[in-house]
Amino acid sequence: LPIVVKAFEMEVTPANRIVAQIGETLVLTCNSTGCASPSFSWRTQMDNPLEGTVNNHGTYSTLTMDPVKVVNSLDYLCTVSCGEKEKKEKSIKVELYSFPSNPIVEIRPSLVAGEPVTVICKIPDVYPSHHLEVLLKIEEHVLHMENFYEDDSTNTETKTVTYSFNPMAEDIGKEITCVAKLPIDNMDFEPKERVTSQKLNANFGPQNTIIIASPGNSPMEGDPLKLTCVSESNPPPQIVWRKHLADESIQHLIENNILSISHAHFTDSGLYICEAINLANNKTEKATVDIVVQDGPRNTMISVIPATAVKEGETVTMKCTSSGNPAPVISWKKRKATGESEKISEDATLTIQNIKSQDLGLYECEAYNQFGREEKAVKLIVQVPPQNITVLVYPSGNVKEGENVTIICSTYSNPPSQMVLKKIHQEKEIILPSVNGTFILYNVTKNDTGRYLLDVFNEVGSNIKVIEIAVVGKLEKPNQMIPVIIAFSSVAAVAVPIAVIMIYVSRKAKINGSYSLVKALRLKV
């Protein structure tokens, strides 16, 4: 079969001529067929600037005017080239108009039968205005006709027609109508006539003033919010928006019947006031609306009184605060040794009286509402002075010369305790420092006989134990480390009691270890 080759053709849409309203988006399309790789170009008949955006898409090209303006009222030409020899061109005429909204009617001043009244009719953003015709009527009776045939405006303009007359008593309550027409015969658009009516009443209002909140008075964080103030008044009222601030002051916002917030924020919550003012009779009326922007918990904070580090037996109060709407529900959890958290309170304030060492740990505050949750944590430290002190001496009682004496002390405290062993020797003191609770006296002599003070202390307290060591005779057998009885007492004791010492194992904390001390390291003070 013979191969059918399509001829190189082009078309422009809309074809030949387009009528568009100023402010809208206009797209012209140039399309080609019968050419694999066409080349497009756009220009105006008089080589004016395009005032638009060109986009090429393979076999077609677009010229977009967004928004279309008065300067776009031109003849546009699209040229398509296929290779070096073939070229085609077509034009499209863009004709523009603007007739976007109904007239605005204002009647002033205060109406009293027999006295003159002025009717003002405004037609917004008209183009081309030299076609504009305006008619003022009371019921079906024509009051005034006016045209703008001689107007030479080159852009959209608001045109105003003003007419004064003396109404009769029977005219009160009748409708004044403004009819605006833009009859351009060779332009196809609708509507070409716009109408607004208003009753010829004496000045009244403002009254029945209300605020309409869209989408409602509880928007979500980030959503748009529009507040519209509606009031019945003649003449139309001046609208003023204000907002009550947290410090009881009032912030002036705008003078417009619509207050728009593109992205509502938590700080936009508050009481909004719309004040409608009738400038003819100086009367005012207010309306209010309470706006609450909904959001998940945020700015969650924990305060601890008196501090995060407290002494055993004290009272500590932890308070959790969080902002959000609806108000977040507060609960407290405590982290267990397994890493899991256990709920311990559903109140914003957590008070622990007569605090104990087992109360230390990580406390978590959770703030929750239906839009989210937020957590904060605080580490509580319970400070405990040295307690449950256990002392072991190997050997105890009468010690042979040449033996080694080991003193082991264990205790529970927080923060960890330091320990110092002191020997009271006449007017001198031998101080044996340690940080881990074990002391070794090597090759003791009779000179080591005496009373030793074991000082156990940390930042929040101290405790002193007294140890008696007696060195007698000389070592005859190998040294054996057997736990035996030792003597110790508190400093305040008059007599030194003797007791059996047992190794104490603390459930919470324990200081243990070894410390070797030779005679050469003894410090004499």
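The values are calculated or read from the model by the stated rules, or taken from the named source; none is laboratory data. Because the structure is a prediction, the values reported are computed rather than measured. Ideal geometry is used to build each Cβ from the backbone, glycine not excepted, and the neighbour counts take in all protein chains shown. Ligands, DNA and RNA are excluded from the accessible area calculation, which covers all protein heavy atoms including side chains. Shrake-Rupley method; radii C 1.70, N 1.55, O 1.52, S 1.80 Å.
Screening VAL382 on (1) assigned to a strand (DSSP E or B); (2) out of contact with any strand residue (DSSP E or B) (no Cβ under 8 Å at 6 or more places or on another chain); (3) hydrophobic (A, V, I, L, M, F, W, C) shows it passes everything except condition (2). Taken as a whole, the structure leaves TYR452 outside the set of residues that are within 30 Å of GLU314 (Cβ to Cβ), open to solvent by less than 60 Å² (accessible area, probe 1.4 Å), in a strand (DSSP E or B) and at pLDDT 85 or above. Return the residues of region 340-366 that are open to solvent by 40 Å² or more (accessible area, probe 1.4 Å) and either part of a strand (DSSP E or B) or in contact (Cβ under 8 Å) with a residue 24 or more places away in the chain (or both); say none if nothing qualifies. Once the filter is applied, which keeps residues that are open to solvent by 40 Å² or more (accessible area, probe 1.4 Å) and either part of a strand (DSSP E or B) or in contact (Cβ under 8 Å) with a residue 24 or more places away in the chain (or both), region 340-366 yields SER341, GLU342, LYS343, ILE344, THR349, THR351, GLN353, ASN354, LYS356, GLN358, LEU360, LEU362.
Before we move on, is ILE407 β-branched (Val, Ile, Thr), part of a strand (DSSP E or B) and open to solvent by 60 Å² or more (accessible area, probe 1.4 Å)? The answer is no for ILE407.
On the stretch given as region 181-224, residues that are closer than 30 Å to PHE371 by Cβ and part of a loop (DSSP other than H, G, I, E, B) total 9. Among residues of region 439-450 that are small (Gly, Ala, Ser), those with a beta-carbon under 6 Å from a residue that is open to solvent by less than 60 Å² (accessible area, probe 1.4 Å) at least six positions away or on a different chain give the pairs GLY450/LYS423. Listed by first and then second residue, the pairs linking a residue in region 5-31 that is at positive phi and in the same structural domain as THR62 (by the TED database) to a residue that is in a loop (DSSP other than H, G, I, E, B) and surrounded by fewer than 16 Cβ atoms within 10 Å (Cβ to Cβ), with Cβ atoms under 6 Å apart and 6 or more places separating them unless they lie on different chains, are GLY23/PRO67.
Selection within region 289-299: residues that are open to solvent by less than 30 Å² (accessible area, probe 1.4 Å) and in a strand (DSSP E or B). The member of this set that is nearest to ASN256 (Cα to Cα) is VAL289.
Of GLN387, GLN358, GLN353, all but one fail to be at pLDDT 90 or above, over 32 Å from the mean Cα position of the chain (by Cα) and closer than 30 Å to PHE457 by Cα; the exception is GLN353.
Within region 268-288, the residues that satisfy the criterion of being closer than 13 Å to PRO219 by Cβ and open to solvent by 20 Å² or more (accessible area, probe 1.4 Å) are ASP268, SER269. Being touching a residue at least 40 places away in the same chain (Cβ under 8 Å), farther than 30 Å from VAL119 by Cα and either loosely packed, with under 14 Cβ neighbours inside 10 Å or aliphatic (A, V, I, L, M) (or both) is a property that holds for LEU225.
When THR154, THR158, THR118 are checked against the criterion of being among the β-branched types (Val, Ile, Thr), part of a loop (DSSP other than H, G, I, E, B) and touching a residue at least 24 places away in the same chain (Cβ under 8 Å), a single residue qualifies: THR154. Have a look at GLU190, GLU150, GLU157 and point out the one that is surrounded by 15 or more Cβ atoms within 10 Å (Cβ to Cβ), under 19 Å from TYR97 (Cβ atoms) and acidic (Asp, Glu). Exactly one of GLU190, GLU150, GLU157 is surrounded by 15 or more Cβ atoms within 10 Å (Cβ to Cβ), under 19 Å from TYR97 (Cβ atoms) and acidic (Asp, Glu), namely GLU157.
When region 252-267 is filtered for residues that are modelled with pLDDT of 85 or more, assigned to a strand (DSSP E or B) and open to solvent by 60 Å² or more (accessible area, probe 1.4 Å), the ones remaining, listed by number, are ILE258, SER260.
For region 367-377, filtering for residues that are of a type outside the set (Lys, Arg), more than 15 Å from SER345 (Cα to Cα) and surrounded by 15 or more Cβ atoms within 10 Å (Cβ to Cβ) leaves 3. crowded, with 16+ Cβ neighbours inside 10 Å, among the aromatic types (Phe, Trp, Tyr) and assigned by the TED database to the domain that holds ILE305, is that true of TYR412? No.
With respect to the conditions (1) in a strand (DSSP E or B); (2) open to solvent by 30 Å² or more (accessible area, probe 1.4 Å); (3) at pLDDT 90 or above, ALA307 falls short on a single one, namely (1).
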